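Below is one structure, written out as structure tokens; the observations come after it.
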Amino acid sequence: MTWLDRGRTATDTMPGRHMMIPLPADWPAPEQRQVSPMPMTGPRIVRMLTLMACLAATTATSAAAQPAVLSVVSAGPRGEVGSLAEANEVRIVFSEPMVSLGRIPETVTAPFFNISPAVRGTFRWSGTTTLIFTPDPRQKLPFATRYEVTITESAAAVSGRRLAGPFTLSFTTPTARLLRTTWSRRGGRADAPIVALLRFNQPVRAADVLAHLQGQFEPHDWAEPSLSDESVALMTAADPEAVGRFRAKVAATRAIVAATGRVQVRLTDDWDKKADPPSPDLVVIESITPIPSESWVRLTLDERLPSPAGSAVPDTTQAYTVQVEPALFVNGFDCTARCDPDRRNPLILTNDVRVADFTRAVTVNDVTTPSPPRPVTRPAAPRPRGEFAEDEGRYLSLEDAGYNAQPPSAGLRGSGQRGPAGRRRPDARLHVGGHSSHLASTFVHQLR
């Protein structure tokens with residue numbers, strides 16, 4: 001032990017240790033010790049023994065805190081990774097230096113590191129405690145494969161300490177996962193099958209997807225339309241059976257939104273391949289079961305969906321809900337009272353319809369006076385629609401149907417007629433307002 005008197009401290013220079021301990025205030029200076037030996041009186045002997053006891057206790061405590069064996073404090077990746085890129089490195093962090101700085105070889109080997117299934121790759125040290133294994137980039141890890149990494153007890157630190165036992169971790173490359181689902185009605189018709197494109201995170205077999213896929217109607221909320229007393233009176237005057245048909249349509253739609261039955265689907269090779277070219281990660285299906293408007297269909301892939309690349313499976317279900325077009329009802333005119341006659345006043349529908357179908361379906365009656373309704377005729381040469389007018393929509397006016405704008409104080413009752421078979425499936429009978437404070441229309445429609 002060497003004593004440093006400058007600064008009145010003592011330095012413990014035992015191998016591997018360095019500690020500063022304050023000396024008593026009356027400890028003699030070096031020059032005093034050179035002049036005459038320090039007498040070892042009783043109090044001085046007590047102080048010396050106390051100091052030595054403190055040094056011994058501190059050394060024992062530090063030695064007890066030092067771990068007796070080597071350990072792995074962190075490692076990764078673990079579990080299923082989100083992408084193959086997340087498995088580009090396997091990191092093992094040890095509790096103490098495994099190599100000495102400045103003595104790390106250019107080619108690093110780690111005989112205590114094992115990975116199963118076997119993977120070719122290289123090792124490197126990051127600092128002195130972190131071992132990194134990098135798989136050969138020329139041989140990408142396959143999807144859906146579980147790997148187990150083992151660090152054997154032969155791993156030894158610079159200090160000579162070893163692991164008490166093998167350390168293991170496991171990770172899995174991405175299993176078959178549904179990334180995106182898009183759907184459409186075949187041909188854009190509301191009574192046609194739905195075609196769904198299922199895009200996955202890796203190549204899959206279409207037959208496997210179909211075997212693990214289930215379709216089912218899903219109940220959901222629905223804002224049920226209703227009729228006012230005035231609407232009932234006007235509709236009954238125009239057509240005694242109109243109100244009954246409207247209520248039947250509402251009841252049928254109520255049953256649709258409460259449905260829970262199975263939906264049969266099948267594979268198809270008939271889709272827009274220009275927009276979505278065929279690809280190993282794309283599976284296209286179509287419905288066999290009729291799916292009426294206002295339906296929700298839940299497509300569920302079970303937890304055993306396989307991948308051609310490996311044996312690992314997702315272990316969780318995956319689902320997507322197709323919400324088809326709403327049932328076609330009339331919500332009413334945009335304005336129903338004290339309307340500006342110079343402002344466009346569209347009829348608001350719950351779904352898009354073609355303007356040509358809308359035009360064929362609509363008839364208008366003038367009901368301004370209590371006398372019998374007077375039919376309003378279209379002009380022989382209707383005014384052309386605007387340059388940017390669309391061919392279909394859900395906000396369509398009487399002018400879109402070919403009628404002239406009606407003058408103020410005119411009350412109209414409009415009725416819809418059945419359009420071409422196969423278009424939308426409405427059966428709404430609704431009393432709605434018109435272009436001015438005296439305009440009232442009952443739009444009775446059956447667009448298909």
Item checked: Spin-label model distance (nm) - residue 148 vs residue 86, 7 Å beyond Cα toward Cβ -> 2.2 nm
Notebook entry, point to check: What are the trypsin sites (Lys or Arg not before Pro) within region 331-411 that DSSP puts in a loop, where the Cβ has at most 10 other Cβ atoms within 10 Å?
Noted result: 338, 343
Next item on the list: Report the full-extension gain for the segment residue 270 to residue 302: residue separation times 0.36 nm, less the Cα-Cα distance, to one decimal in nm.
Entry: 9.0 nm
Item checked: Length-normalised contact order of region 233-315 in % [C-alpha pairs under 8 Å, at least 6 apart] -> 24 percent
Checklist line | Largest-first principal axis extents, alpha carbons of region 240-354, Å | finding: 69, 33, 26
Check: What is the packing order of peptides 229-238, 96-105, 170-179, 79-88, taking the mean over residues of other C-beta atoms within 10 Å and listing the highest first?
Finding: 170-179, 229-238, 79-88, 96-105
Margin query: Using a Debye calculation, one point per C-alpha and no hydration shell, please list log10 I(q)/I(0) for region 129-258 at q = 0.13, 0.15, 0.19, 0.21 Å⁻¹ in order.
Written below: -0.88, -0.99, -1.21, -1.30
Next item on the list: Could you estimate the translational diffusion coefficient of region 205-281 from the Stokes-Einstein equation, with Rh from the Kirkwood formula over C-alpha pairs, at 10 °C and 1.306 mPa s, in whole µm²/s?
Entry: 94 µm²/s
Note to self: Using a Förster radius of 56 Å, what is the FRET efficiency between residue 316 and residue 101 based on their Cβ-Cβ separation? Nearest 0.05, please.
What the structure shows: 0.75
Check: How large is the charge dipole for region 109-168, taken about the Cα centre, if only the Cβ atoms of Lys, Arg (+1) and Asp, Glu (-1) carry charge, to the nearest 20 debye?
Finding: 140 debye
Check: What are the semi-axes of the equivalent ellipsoid of region 72-172, taken as the square roots of 5 times the eigenvalues of the Cα gyration tensor, listed largest first and rounded to whole Å?
Finding: 24, 15, 11
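FYI, it's all coordinate maths here, none of it is from the lab. Given the structure is predicted, the values throughout are model-derived calculations rather than measurements. In this analysis, Cβ positions are derived from the backbone assuming ideal geometry, glycine residues included, and neighbour counts consider all displayed protein chains.
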